[in-house]
Structure formats: C-alpha cells, structure tokens
Amino acid sequence: MTRKRPESDWPRIVAAPDKFRHTATAAEVAAAVVGSAEPRGRSVLSIPLADGGEGTLDVLSRQGGTTRLTKVTGPLGDPIDAAWLLRGTTAYLEMALASGLTLVGGREGNDPLSASSYGTGELILAAVHAGARRVIVTLGGSATTDGGFGALRALEPLGRLKGIRIEVACDVDTLFVEAAEVFGPQKGASPAEVQLLRRRLQRLADVYLEERGIDIRSVAGGGAAGGLAGALASIGAVLVPGFELVADALGLESAIEGAELVVTGEGLLDEQSFRGKVVGGVCGLAAGHGVPVLVIVGDRIDDEPVVTAITTARAASAGLTIVSLTERFGSERAWGDPCAGVRQVVAEYLDSGLR
C-alpha cells in the first residue's frame, strides 16, 4: 500500500498550464509560475499539461520512458524522423510529429487533397514491432483530411495488430464527415476542395462500413485529425478524452488534492476551453477538491458562450480568477514575452494575500 504523504509534504501550489500556442510551451509557462512563487516562499509542483493534441509527447516524456526516432513518410511524401515514447509496453505517439501541418510549413505549404496520414500508420507499426502492447495516439495539428486511409494502408495487413490495444486521444467531438468543413480550411483547402474532401470522407465511411461493419459516421470525435480517429475506430481503437488520458498519466488529481492553489492557462480562452481542454479539465478537478484556480491566458473571447462557461465554472469552484495578459499588459507585451506576464500576474496574486 502506498503511504499517504503528510499534509506538510503537499505542494502549496500546483502549476498545471497548457502551452501558449506559438509563443511558449507548457513547460516554459509552468517554469514562470515556479520562478515567481518560490521566491515568495511557496512550494510549487510543476505539471505541464496537454489535452492530447500538439505538445502531448513533450509533457508525457517528462515522466520517464525512452524517446525513440523512426523514419516515416511525411504528409506530402518526404521522409522525416518522428519521435515517439516507449514506457514499458505502452507507446505514446503524437500524430503531428508524423503527419502534422507544421512539417509542410503550415497551410501555405500544404496540399490538402494529397496530404496523407501514412506516416502515422508507420509510427504505430514501429511501436508494435518494438514490443508495445498498448499504443496511444494523440491527435491535433494534422495536415491531413484523408479519413485515415493512409494510416490504415500503412498498417496492412491488419492481422499484425492482433492483441494490441490502440487508444486515440481526442480533444474534439467533430464527426467523421464534418472534418472537411471544420478542419479543411485550416489546412489550406479552398471551398471547392472542402466539398471534394467531404465527398471523399463520405465514400470512405461507406468503405469502412462495408469492410469492417462499423459505421463511423456517428462516432463522436471520429473527425479528429481529418478523420484519422474514425479510421482507427473502424479497426477497433478506443477513442478517449485527451485531457483525461494525460491527467491520469501525470497523476494530476492526486497532486491537486490538498493544494492551496492551482495555476493553469493557455494562449486563447474560448468556448472550447471548457469542453475537453486543459483549462476546463483543471478547473473541474480543482472544484472537486475545493481548491481555487488562477487561470492566466494570452487573450480571451468574451462572447456569450464563453461568459456562460465561465459563470458555470465559477459556480462550481472554490474560487476562480481569470487574467488575460492582453487586457493586463497589451497585445505586444502579452505575446512578445508571455512568461514575463505570467510571472508578474502570479506575483501580484500571491502578494495580494493568498492564504
């Protein structure tokens, strides 16, 4: 039986932020919290987070395991070296590192009709060949809307996956066919190409149903990563909430229990922040243990859905403070050096009399 730590051993503050996209990693933001709180006599436990999308491999690798590199086929056919993590017989793969939009220079460099998830399938196969019996694929940041066709082609014959549990970490609930409209434009698809991609996804859904007897059209999250989630579900993969998977792997809830304060944050607070993302997940766990939360964001959207989500979160919490760096310091400083802003906000919050 694991001995419960004395209350005095618990950190007074848990730093559990997401990344500030394109400006600061989750680890950098967490370090900013530590750098402000510790000189003020507060012990801090740093737990950088992700929701199953980009950056997930980075936060999980901090908990141990062996990081490996495998040469796979990039989204537009160029060979790339993709990192993945092996911990015991569990492998963690980040789809964006094999089939991501950043690998092709963003939407401007992408070919949304040709971009393939083949490399992600190769990465899954590499993990299985290395002895993994459980393969966790995290999604987000993909260049592809190929309905996972490329990945499944790389995995054939599928008999090689017998006895392997595949889990797909999703942070969206987009349906398979809807992936074209929802994500296609982000990947460089024109309106005409979006319609072509939609028709292609409809045909693939028919094929997957005919070949495997599974109708993935109604699978919540099946459209994640351009339909890769649905394709993997058609061969028996289990779709799981990305934040919950990461939080469990990092022991987040046990860290929050007994803490005095949790500091979290992300680049942009919007309605999605409270629907499976890090900020909403952290607020929910903290509320369950009566721990107040300081949320620091680069900017926030103040439309009605966001206001409603914040009101609901506040009603359930032991104390919820939200600070926008853009509102506090202006856009140039907020995005030029968000970690400096985080340090100052934490300092002001603690100096205001947190007990």
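The values are calculated or read from the model by the stated rules, or taken from the named source; none is laboratory data. Predicted model only: the values in this text are computed from it and were never measured. Positions of Cβ are backbone-derived with ideal geometry, glycine not excepted, and every protein chain shown enters the neighbour counts.
Assess whether A255 counts as being buried (at least 24 other Cβ atoms within 10 Å of the Cβ) and either within 18 Å of the chain's Cα centre (by Cα) or of a type outside the set (D, E, K, R) (or both). No, not satisfied.
No other residue among A180, A169 is under 16 Å from S142 (Cα atoms) and without any contact (Cβ under 8 Å) to a residue 60 or more places away in the chain apart from A180.
Condition test on G226, is it outside any helix (DSSP H, G or I) and either of a type in the set (D, E) or buried (at least 20 other Cβ atoms within 10 Å of the Cβ) (or both)? So G226 does not fit the description; no. Screening R133 against (1) assigned by TED's automatic domain parsing to the domain that holds V342; (2) surrounded by fewer than 17 Cβ atoms within 10 Å (Cβ to Cβ) leaves a single unmet condition, (1). Set side by side, the residues V194, V219, V168, V182 differ, and just one is in contact with a Leu (Cβ under 6 Å, 6 or more places away or on another chain), in the same structural domain as G105 (by TED's automatic domain parsing), at negative phi and surrounded by 15 or more Cβ atoms within 10 Å (Cβ to Cβ), which is V168.
Condition check for L49 on (1) touching a residue at least 40 places away in the same chain (Cβ under 8 Å); (2) touching a helix residue (DSSP H, G or I) at 6+ places or on another chain (Cβ under 9 Å); (3) under 30 Å from A192 (Cα atoms); (4) buried (at least 23 other Cβ atoms within 10 Å of the Cβ): one failure, at (3). Listed by position, the helices (runs of 4 or more DSSP H) enclosed by the range 16-121 that each have at least 1 residues that are in contact with an Asp or Glu (Cβ under 9 Å, 6 or more places away or on another chain), over 17 Å from Q186 (Cβ atoms) and among the charged types (D, E, K, R) are 56-61. Annotation: of all residues in the range 258-311 being assigned to a strand (DSSP E or B) and under 17 Å from the mean Cα position of the chain (by Cα), the one that is surrounded by the most Cβ atoms within 10 Å (Cβ to Cβ) is G265.
A quick yes/no check of all residues on (1) in contact with a helix residue (DSSP H, G or I) (Cβ under 7 Å, 6 or more places away or on another chain); (2) more than 23 Å from R21 (Cα to Cα); (3) in a strand (DSSP E or B):
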position	(1), (2), (3)
I322	yes, no, yes
W335	no, no, no
G341	yes, no, no
E348	no, yes, no
G353	no, yes, no
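Evaluate the following for D337: is it charged (D, E, K, R), touching a Gly at 6+ places or on another chain (Cβ under 8 Å) and buried (at least 16 other Cβ atoms within 10 Å of the Cβ)?
no
On inspection, G280 qualifies as under 25 Å from V240 (Cα atoms), in contact with a Ser or Thr (Cβ under 7 Å, 6 or more places away or on another chain) and assigned by TED's automatic domain parsing to the domain that holds V342. Filtered by the rule that a residue be in contact (Cβ under 8 Å) with a residue 12 or more places away in the chain, in a helix (DSSP H, G or I) and of a type in the set (A, V, I, L, M), the range 183-197 gives V194, L196, L197.
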